[in-house]
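J.: Sending over a structure as structure tokens; questions will come in a sec.
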Amino acid sequence: MSTVLYDSPIFGPIHSRRMGTSLGVNLNPSGRKVCSFDCIYCECGFNVKTPLTSSAEHHIPSRVEVAEALELTLKKMQAEGKTLDVITFAGNGEPTLHVDFLNVIEDTINLRNQYFPKANIAVLTNGTRVHIPKVFEALCKVDKPCVKIDSLDMDIVKALDRPVDADYSVQRVVDTLAGHKMEHLVVQTMFCQWKAGEEWKNNYSSENVDKWVDTIRNLRPSAVQVYTISRETPYQDMQKAPAEVLNAIADRVRDIVGDVTVSM
């Protein structure tokens, strides 16, 4: 199993298939994944069960360390005449787990405004903490709060996304987003298939897609990103969703959301 781990706290810039030229911010350690999901398709691999240590590879960057590293990189990119489309909070796990997430976001907005005022700020989140007021507030401040909703069926969520917390509920995520408007909400969904025992499963059956479309209609996000596997996965028995399936799913929500993209 090969995995991709990112430098902390800043990596890139890289070209993102959904974001353009993206400078990454990793609020997790550089040497291991820390996430409230343990998705079987995650390019960063599976969660490690052993506790974090005091080693440099396990260090979680502080608010000050993030701001200093980000400013240094932005200043260098500006001096070199480089362009930047987006500053993306992603990396080795769930960014909203950071204890100072709201303040980190506010620092990033200030630095973006100073060095690359036209760049967006995006957060890729699995939504496990959107019900926490400070996390919700932080996500409302960014240009692209991208929330993962792979299925409304908890059996599928448990098989595909594998939430770490036993009390996780995808319906709680949807209810939070529906009850407290997030103006720039982007819904991201990974459609794929995987082998369970001798049987192949997927999250794009008509029943699953019907519920997903109803959720999109309920949430009315500013954008929807439909995609499938593009890199090696830690769970080996996985396959892409067919292109015709992805395009058909995207077509179903184009009359609801103006900005719908498909990534193969």
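The values are calculated or read from the model by the stated rules, or taken from the named source; none is laboratory data. Fair warning: this is a prediction, and the values are worked out from it, not measured in the lab. In this analysis, Cβ positions are derived from the backbone assuming ideal geometry, glycine residues included, and neighbour counts consider all displayed protein chains. What goes into the accessible areas is simple: the full protein's heavy atoms, side chains included, and nothing from ligands, DNA or RNA. Shrake-Rupley method; radii C 1.70, N 1.55, O 1.52, S 1.80 Å.
J.: Please work out which residue is surrounded by the fewest Cβ atoms within 10 Å (Cβ to Cβ), limiting yourself to segment 8-21 and to residues that are modelled with pLDDT of 95 or more and in a strand (DSSP E or B).
T.: Restricting to residues being modelled with pLDDT of 95 or more and in a strand (DSSP E or B), the top hit is PHE11.
J.: Can you name the residue in segment 229-264 that is of a type in the set (Gly, Ala, Ser), out of contact with any strand residue (DSSP E or B) (no Cβ under 6 Å at 6 or more places or on another chain) and part of a loop (DSSP other than H, G, I, E, B) and, of all such residues, is most open to solvent (accessible area, probe 1.4 Å)?
T.: Among those residues, the one meeting the criterion is GLY258.
J.: I need every pair where a residue in segment 58-80 that is in contact (Cβ under 8 Å) with a residue 60 or more places away in the chain has its Cβ under 9 Å from the Cβ of a residue that is small (Gly, Ala, Ser), sequence separation at least 6 or different chains.
T.: Pairs that qualify, where the first residue is in contact (Cβ under 8 Å) with a residue 60 or more places away in the chain and the partner is small (Gly, Ala, Ser), are ALA69/SER8; THR73/GLY12.
J.: Now for a different question. Go through segment 154-171 and count every residue that is out of contact with any helix residue (DSSP H, G or I) (no Cβ under 6 Å at 6 or more places or on another chain) and touching a residue at least 12 places away in the same chain (Cβ under 8 Å).
T.: Count: 12.
J.: Select the strands (runs of 3 or more DSSP E) contained entirely in segment 163-202, then report the ones holding at least 2 residues which are under 26 Å from PHE46 (Cβ atoms) and among the hydrophobic types (A, V, I, L, M, F, W, C).
T.: 186-190, 192-196
J.: Looking at this structure, is THR3 part of a loop (DSSP other than H, G, I, E, B), free of Cβ contacts under 8 Å to residues at least 12 places away in the same chain and more than 16 Å from VAL164 (Cβ to Cβ)?
T.: no
This table checks each residue for (1) under 22 Å from ASP259 (Cβ atoms); (2) polar (S, T, N, Q).
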{"residue": "LEU160", "(1), (2)": "no, no"}
{"residue": "ASP165", "(1), (2)": "no, no"}
{"residue": "GLN171", "(1), (2)": "no, yes"}
{"residue": "LEU177", "(1), (2)": "yes, no"}
{"residue": "LEU185", "(1), (2)": "yes, no"}
{"residue": "TYR204", "(1), (2)": "yes, no"}
{"residue": "GLU207", "(1), (2)": "no, no"}
{"residue": "SER222", "(1), (2)": "yes, yes"}
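J.: While we're looking at this one, here's another question. So which of ALA69, ALA138, ALA90, ALA56 is under 22 Å from the mean Cα position of the chain (by Cα) and farther than 23 Å from GLN225 by Cα?
T.: After ruling out the rest, the residue left standing is ALA69.
J.: A follow-up question, please. Return the residues of segment 203-228 that are at negative phi and not in a helix (DSSP H, G or I); say none if nothing qualifies.
T.: Result: ASN203, TYR204, SER205, PRO221, SER222, ALA223, VAL224, GLN225, VAL226, TYR227, THR228.
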